[in-house]
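Below is one structure, written out as structure tokens; the observations come after it.
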Amino acid sequence: MLKKILYGFGAVALLLGLYGFYNRLFIGERDVNYGSYVNWGLWVAMYLFFAGLSSGSYMVATLDYLFEVPLFKGTGKYALWAAMVTLPAALVSIGMDLGHMERIWKVYLQPNPSSLLAQMVWGYTLFSIVILHSLWLVSQANTPKPIIKGLMVVGFVMAIFVSGGVGALLGVNASRAVWHVGLLPAQFPIFSLATGVALMLTILSFFGTTDDTRRLRQVRVLSIATVVLLLVKTYFLWADLSMSLYSGVPQNVDAINEMLYGQYWWAFWILQVGLGTILPMVVLVLPGMYKKPLWIGATGILVLIGFAAARANIVFPALAIPELEGLATAFTGPHLDFEYFPSLMEWSVTIGLVGAATLAFLLGLDFLPFLGTQKQTEVTK
Amino acid sequence: MTDSGEVRDVTRRNFLRGLAGAAGATIAIAALEDLAANPDKALASYEAQIALAAKQAGLSTTTGQLDILERMHQELARAIVKPASDRRWVMVIDLRKCVGCHACTIACVAENKLPPGVVYRPVLEEETGDFPNVKRQFIPRPCMQCDNPPCVPVCPVEATYKNEDGVVVVDYEQCIGCRACLAACPYGARTSDFGYTYIEDTIPKSEGLIVGREAADDYERAANYEYGKAWSREDEDKSPRGNARKCHFCLHRVKVGELPACVTTCIGRATMFGDAKDSDSLVSEMIAQPNVMRLKEEMGTEPRVYYLV
């Protein structure tokens, strides 16, 4: 039943996304709400989120295939498959954001090696090959372990670097005081791992094999790991906000205030802090809750929503502060605005990508033999 | 008595006003007659009178001196024949002379046929102080053409770079439209072309409301000549639509000995342009002044736009 609901959700979300995809591909960028001042919007935030989810899922897969933690034996393939379906969502999301997406080949054939963006395009392309290759190797029964382990080492290091690189992509911009901190590339791999763990928590809760007696312990351990990572995230957030507010650099303080009390207050307080951090921590530490897979799975989704909001809260407020006083009113026109809320088309594309990734994951579970669907039973039955 | 006194007073005042008006009109008519009869002599005479009046009032005047526009033209002619590496284009904006007319912004829009949402040179307005000590300042903000431009290294395809003249340019056919350069610019000096036109997107759609609408539409879609190349807006998908765009010091004009559009249009002669490697140039003189500053100098971007404050 749960799987049918999720199939239904995925299909409806993808249908809703068709409007956005059609609009973007055949009409253009006019219906987006980002512009020349808030120059990166929802699609870039979702690129950060999905890319982090993919690299985080790969990190989780190493528990099985690299570190060989007995408790997580057999779970790595789900994590790898999750990494595989979320990475294209990230790349499509950032691709939609390009003014000339037909020229993306130039990043491969005529790149600027010193550009973090070019490095990320190359990095994520190679990473997708590593994920695909890892999936291929683990799907083959006779693959020698050292070969899998060797590739997992490469993938693990890449997962850290590409997720940290995305932080650096923002952090190198000295023009945005709130991004320009060494902490940013350091916290992104942690955020990625946290989303990977939360997704795994949801996957195992919803689709874990019921004949696996270790499942409850897996969920228990992943719940604790999620809480710990949420605490680490909260510590990073505290360090970031308190340092910025204390030092009092105007552009930095303005961006933080924009996030806390400005146009994005609800995304911060309700989505990121309330639903994405406090509520999950409460649910996950309640005694015996790990025995309720539906609750735990839903809580994992809440954590993911919180991290998606956190990514948006890194991107939008920093761009919503004028670089120079008076710039906001100096010249008016479409897309010359420091206030930003994603347009219907932007939401549509993002919802469509969530739907497509969900459908792809479910279809993989049902039709890819190596994912062991024959043993899998819905926990709700 | 009071009433009659006021009446008398008003009458006297009105009489004097009438007399002054009549005298002024007579002088004006005489001046016009002079001008018609012997324009050169008349103008010289008036200029001399203006210069004298200005001198008596302690004001400076350009009369009798080379206008700075003419001077900059001559300096430009000297500079463009030099090798590119021997010249350094800079812009100097005298904020004391800027009156906030926005003529430079409009000249730039017209010269480069900028579509809605794209602006190269807005004029920022800043009001500071408390009544009665209030100051309003206008700050034209072109691209700073930084010598250490943060927008260049972030471009994933080297579509933006400093050309041989040291001006930061955008290769429209190389740009993928990622807007990383927009995020990197500390001055907000880049805008993205989202493909709008004024005729289609900013005025009422009803037919017959606007005379010359079709001609204006044709004009708007006709090519501009940024970077010395024709960029038409006929095609919905072609550059510069979808690209990052920015001020380029009107390189296409400079190349043929014309000053940037914003410089020639400035009614207060507040914007100056020239070769800073020419020690005799106006801009060299200006940037040697003690009251010169650059925006966000602490960021180490080394802007080539200087402000006199």
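The values are calculated or read from the model by the stated rules, or taken from the named source; none is laboratory data. Computed from a prediction, not measured in an experiment: that's the story for all the values here. Ideal geometry is used to build each Cβ from the backbone, glycine not excepted, and the neighbour counts take in all protein chains shown.
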Residue satisfying condition, being among the hydroxyl-bearing types (Ser, Thr, Tyr) and more than 21 Å from A:Gly300 (Cα to Cα), within set A:Ser128, A:Ser192, A:Ser205: A:Ser128
Residue in segment B:141-152 that is polar (S, T, N, Q), at the interface with another protein chain (Cβ under 9 Å from one of its Cβ atoms) and at negative phi present: no
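Yes or no, residue by residue, for (1) part of a loop (DSSP other than H, G, I, E, B); (2) surrounded by 21 or more Cβ atoms within 10 Å (Cβ to Cβ):
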| residue | (1), (2) |
| --- | --- |
| B:Val134 | no, no |
| B:Pro142 | yes, yes |
| B:Asp147 | yes, no |
| B:Gln174 | yes, no |
| B:Tyr187 | yes, yes |
| B:Ala215 | no, no |
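Which strands (runs of 3 or more DSSP E) sit wholly inside segment B:222-309 and have at least 1 residues that are away from chain A (no Cβ under 14 Å), at pLDDT 95 or above and under 22 Å from B:Pro149 (Cβ atoms)?
Per the criteria, B:271-275, B:305-308.
Would you confirm whether any residue within segment A:288-297 is in contact with a Gly (Cβ under 8 Å, 6 or more places away or on another chain), modelled with pLDDT of 95 or more and at negative phi?
no
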Those residues of segment B:189-205 which are more than 8 Å from every other protein chain (Cβ to nearest Cβ) and not in a loop (DSSP other than H, G, I, E, B), in sequence order: B:Tyr198, B:Ile199, B:Glu200
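Given the criteria modelled with pLDDT of 95 or more and out of contact with any strand residue (DSSP E or B) (no Cβ under 8 Å at 6 or more places or on another chain), does A:Ala312 qualify?
yes
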Filter result for B:Cys104 (buried (at least 18 other Cβ atoms within 10 Å of the Cβ), touching a helix residue (DSSP H, G or I) at 6+ places or on another chain (Cβ under 8 Å) and either within 10 Å of chain A (Cβ to nearest Cβ) or within 15 Å of B:Pro260 (Cβ to Cβ) (or both)): yes
Residue match in segment B:155-171 (condition: β-branched (Val, Ile, Thr), more than 19 Å from A:Glu325 (Cβ to Cβ) and facing another protein chain (nearest Cβ under 9 Å)): yes
Verdict on A:Ala312 being of a type in the set (A, V, I, L, M), at the interface with chain B (Cβ under 10 Å from one of its Cβ atoms), closer than 30 Å to B:Ala244 by Cα and in a helix (DSSP H, G or I): no
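Yes/no matrix, rows are residues, columns are (1) aliphatic (A, V, I, L, M); (2) touching a helix residue (DSSP H, G or I) at 6+ places or on another chain (Cβ under 8 Å); (3) surrounded by fewer than 20 Cβ atoms within 10 Å (Cβ to Cβ):
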| position | (1), (2), (3) |
| --- | --- |
| A:Val138 | yes, yes, no |
| A:Ala141 | yes, no, yes |
| A:Gly164 | no, yes, no |
| A:Leu170 | yes, yes, no |
| A:Asn173 | no, yes, no |
| A:Leu204 | yes, yes, no |
Hits in segment A:341-371 (condition: within 13 Å of chain B (Cβ to nearest Cβ) and buried (at least 19 other Cβ atoms within 10 Å of the Cβ)): A:Met345
First in segment A:137-149 and touching a residue at least 12 places away in the same chain (Cβ under 8 Å), second anywhere and among the hydroxyl-bearing types (Ser, Thr, Tyr) and in a loop (DSSP other than H, G, I, E, B), Cβ under 9 Å, 6 or more apart: A:Leu137/A:Thr143
